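*Asks:* One structure coming up, written as structure tokens, with questions to follow.
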Amino acid sequence: MAGRERLMNKDARSPYTRFIADVVFPLHERLKRHDTVAVRKQLEDSQWWSRERLARFQVERLRALLRHAGQHVPYYKALFARVGFDPEQVQSISDLGKLPFLTKAEIRAHTDDLKADDAGALARFNTGGSSGEPLIFYIGNERVSHDVAAKWRATRWWGVDIGDPEIVVWGSPIELSAQDRIRAVRDKLLRTELLPAFEMSDAKLDGFIERIRVRRPKMLFGYPSALSHIAQHANRRGVRMDGLGIKVAFCTSERLYEHQRELIESTFGCPVANGYGSRDAGFIAHQCPEGGMHLTAEDVVVEIVDSAGQVVPAGESGEIVVTHLATREFPFIRYRTGDVATLDTGACACGRGLPMLKEIQGRTTDFVVARDGTVMHGLALIYVLRDLPQVGGFRVVQESLELTRVQVVPGAGFDGATVERIQRGLCARLGAGVSVEVEQVDEIPPEKSGKYRYIVSKVDAAGAA
């Protein structure tokens, strides 16, 4: 109940925030034909339902999604006929197991056939993915409304509403190319400022620190790697960032490592809220102030599957497979995300009935494979380099079972002995016969998305497992 009371208490909002959240943004969404406000209000009610009631609601929405797909989506019409699947017979989430997975390759091969024949205006999206090969897909107004509402609900858990000043540190070309005049006016009204995460030079970081100090945002939102880069730079410059009134740093789109959380929290003087989702799979889970990583269960069905594609029980690790229930116009049904996580079996102290993720371990490409076939998380290699004060930055690329390359930004005292320590440490984990090549670089550039990745493995961990 305490969480509900915090959520319903609006007295702390400024008059400007109340005007934007209660008048301007709802008008903005109505003009765009989005149901965001109504969906958010419904989500703030349903989050307090029991798990049993939420499960029944999920099944009802799932059956409706599958029924519509079978009637209006050419890809699923053909698929249901081929496998003999009847949406009307769906009685539980486990019935999804009768359908094959939707993969990025399937979407690329059948993009047009995945569009519903009764779809309204669809927005074209793309994501480079971990392989860099673009995935093109489409999103309708229903999904936009639900995804925005889910994020809105989550930020309100932390006392941040639409209209509160925020700094967004982001690197997607889609967001950055959309900064036209209309969007600029909207962002100014909503008090949202975008800092591009593509370049993290000292000059850029100095500018970011200044903008954050001037803006005094209620919320920071962005990649944990980018926010931790800014925090590190502020500490090097001796600039205090912990008295600006920031309520929360909302980290998403990458794995959040514990050392990043500690650095961001200590530098900005605020808690870090971990969020999990992606452009293609949608808004999947977010951490509440009590620590629970709550699934957006009203909109998303999450299955955890092993390397053979079999659903595993809660508490066991596997790949996240998502069915987004608000995607009738371009369905995502049993979509393989490539991310690895575990479902939690417990309940959160906040009292919400929403199920939870226990641990998000990263993408399958964040795992490395030792020469003997042992699969391990990239953290096993990260710790070797992170604990070396002579290393200013790094990226590990596992090219094959026999070869791993390490890009290192050398710090003070970096020498041949440091290179040998890196090689010994990595060989101790990957195998004595593995060749570890260390390359000194001036900087570790971000990917096209603006994200930073510590580990990139070109070895199929799923196949090795």
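The values are calculated or read from the model by the stated rules, or taken from the named source; none is laboratory data. What you see is a predicted model, and the numbers here were worked out from it, not measured in a lab. Heads up, the Cβs are rebuilt from the backbone with ideal geometry, glycines too, and the neighbour counts pull from every protein chain shown. Areas reflect the complete protein model, heavy atoms only, side chains present, ligands, DNA and RNA absent. Shrake-Rupley method; radii C 1.70, N 1.55, O 1.52, S 1.80 Å.
*Asks:* Using the heavy atoms of the protein chains and a 1.4 angstrom probe, tell me the accessible area per residue for segment 305-428 in square angstrom. Don't skip to the end; give the middle numbers.
*Replies:* On the way: 4840 Å² over 124 residues.
That works out to 39 Å² per residue.
*Asks:* So, one more: With both partners inside the chain, how many of the DSSP beta bridges are antiparallel, as a percent to the nearest 5? Present the calculation step by step, with values, prior to reporting the outcome.
*Replies:* Details: 42 of 68 bridges.
Looking only at bridges with both residues in the chain, the antiparallel portion is about 60 percent.
*Asks:* Mind jotting down the distance between the C-alpha centroids of segment 249-273 and segment 198-229, whole Å?
*Replies:* 13
*Asks:* Need one value: the accessible area of H110 in square angstrom, 1.4 angstrom probe, rounded to the nearest 10.
*Replies:* Taking all protein chains as shown, H110 has close to 60 Å².
*Asks:* Taking only the C-alpha atoms, wrap a convex hull around the chain and report its volume per residue in Å³ as a whole number.
*Replies:* Details: hull volume 66.9 nm³, N = 465.
About 144 Å³ per residue, rounded to a whole number.
*Asks:* Per residue, how big is the convex hull around the C-alpha atoms of segment 312-351? Give it to me in cubic angstrom, could you?
*Replies:* Value for segment 312-351: 96 Å³ per residue.
*Asks:* In whole Å, what are the Cα extents of segment 287-380 along the three principal axes, biggest one first?
*Replies:* Extents along the principal axes, in whole Å: 44, 36, 20.
*Asks:* Let me ask something additional. Could you give the length gained on full extension between R18 and D460, defined as 0.36 nm per residue of separation minus the Cα-Cα distance, in nm?
*Replies:* Taking R18 through D460 to full extension adds about 154.1 nm, to one decimal.
*Asks:* At 1.4 Å probe size, with the rest of the protein present, what percent of the exposed accessible area of the chain is carbon and sulfur atoms? Let's see the in-between values first.
*Replies:* Numbers: 10390 of 20630 Å².
Of the solvent-accessible surface of the chain, carbon and sulfur hold 50 percent.
*Asks:* Around F250, under 11 Å between beta carbons, what's the net of Lys plus Arg minus Asp minus Glu among the other residues? Intermediate values should be presented prior to the final figure.
*Replies:* On the way: positive: K151, K218, K247; negative: E166.
Charge balance near F250 sits at +2.
*Asks:* Something else about it: Packing-wise, with mean Cβ within 10 Å as the measure, how do 297-304, 182-189 rank, highest first? Please list the in-between numbers first.
*Replies:* Values: 297-304: 22.6, 182-189: 12.2.
Descending mean neighbour count gives 297-304, 182-189.
*Asks:* With no solvent and one point per C-alpha, what does the Debye sum give as log10 I(q)/I(0) for segment 264-313 at q = 0.31 Å⁻¹?
*Replies:* -1.10
*Asks:* Okay, next question. Could you tell me which helices of the chain pass both thresholds, a Cα extent of 27 Å or more along their own axis and a mean Kyte-Doolittle hydropathy of at least -1.0, with helices taken as whole DSSP H runs?
*Replies:* Details: long enough: 51-72 (31 Å, -0.92).
Span-like helices here: 51-72.
*Asks:* Given only helices, namely DSSP H runs of n ≥ 4 each adding -39500 (n - 2.57), what is the per-residue ellipticity at 222 nm of the chain, to the nearest 500 deg cm²/dmol?
*Replies:* My calculation for the chain gives -10500 deg cm²/dmol from helical runs alone.
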